[in-house]
Amino acid sequence: MGGFQALDIAATGANLGRTWLEVVAHNIANVNTVRPADQEPFRAKLVVAEERAGGNGVAVAGMAMDGADPQHVYDVGNPLADDEGRLVRPVVDLAGQMADMMAAQRSYQANLSVIRSSREAYESAMRLGR
């Protein structure tokens with residue numbers, strides 16, 4: 001590993017962690033989003049990551065949707081309910097999203113720590129040459 005490759009790789013990891021945190025936040029914000037039973041429910045998005053060519057970090061390859069079956073509930077008083085009083089709950093596993101949030105936050109922090117440490121090492125090396 002030469003030059004600034006450690007910084008570049010850690011930056012890709014931090015970008016992935018940031019994207020992952022944003023997606024998890026969006027999913028958690030919609031955990032109570034109900035829709036009429038005849039409409040498609042809100043589905044949690046899942047970040048799909050892939051290794052960049054040559055082992056040069058990671059990138060967001062795309063997004064996938066949670067394919068679990070939605071839960072239908074009866075709430076005749078809800079203005080969004082259909083004619084029979086049914087609603088569809090969002091497909092969001094709150095416990096899983098909270099676990100993902102912790103993992104994404106730790107990943108983001110670890111990559112920022114690598115960036116900070118690498119920058120300090122490069123600055124120290126530059127001072128040696130004076």
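Every residue, every condition in (1) modelled with pLDDT of 95 or more; (2) more than 18 Å from the chain's Cα centre (by Cα), yes or no:
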| residue | (1), (2) |
| --- | --- |
| Val48 | yes, no |
| Glu51 | yes, no |
| Asn56 | no, yes |
| Gly77 | no, yes |
| Glu84 | no, yes |
| Arg89 | yes, yes |
Scanning region 26-56 for residues that are closer than 20 Å to Thr12 by Cα and hydrophobic (A, V, I, L, M, F, W, C), the one surrounded by the fewest Cβ atoms within 10 Å (Cβ to Cβ) turns out to be Ala53
Right, Ala59: open to solvent by less than 60 Å² (accessible area, probe 1.4 Å), within 30 Å of Glu120 (Cβ to Cβ) and not in a helix (DSSP H, G or I) or not?
yes
Going through region 14-49 in order, the residues found to be closer than 16 Å to Asp66 by Cβ and among the acidic types (Asp, Glu) are Glu40
Taking region 103-130 and keeping residues under 25 Å from the mean Cα position of the chain (by Cα) and either in a loop (DSSP other than H, G, I, E, B) or aromatic (Phe, Trp, Tyr) (or both) leaves Tyr108
Can you pull out every residue in region 62-95 that is of a type in the set (D, E, K, R) and either assigned to a strand (DSSP E or B) or open to solvent by less than 80 Å² (accessible area, probe 1.4 Å) (or both)?
Asp66, Asp75, Asp82, Arg86, Arg89
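The values are calculated or read from the model by the stated rules, or taken from the named source; none is laboratory data. What you see is a predicted model, and the numbers here were worked out from it, not measured in a lab. We place every Cβ from the backbone using ideal geometry, glycine too, and count neighbours over all the protein chains shown. Remember, those area values only see protein heavy atoms, side chains included, never the ligands or the DNA or RNA. Shrake-Rupley method; radii C 1.70, N 1.55, O 1.52, S 1.80 Å.
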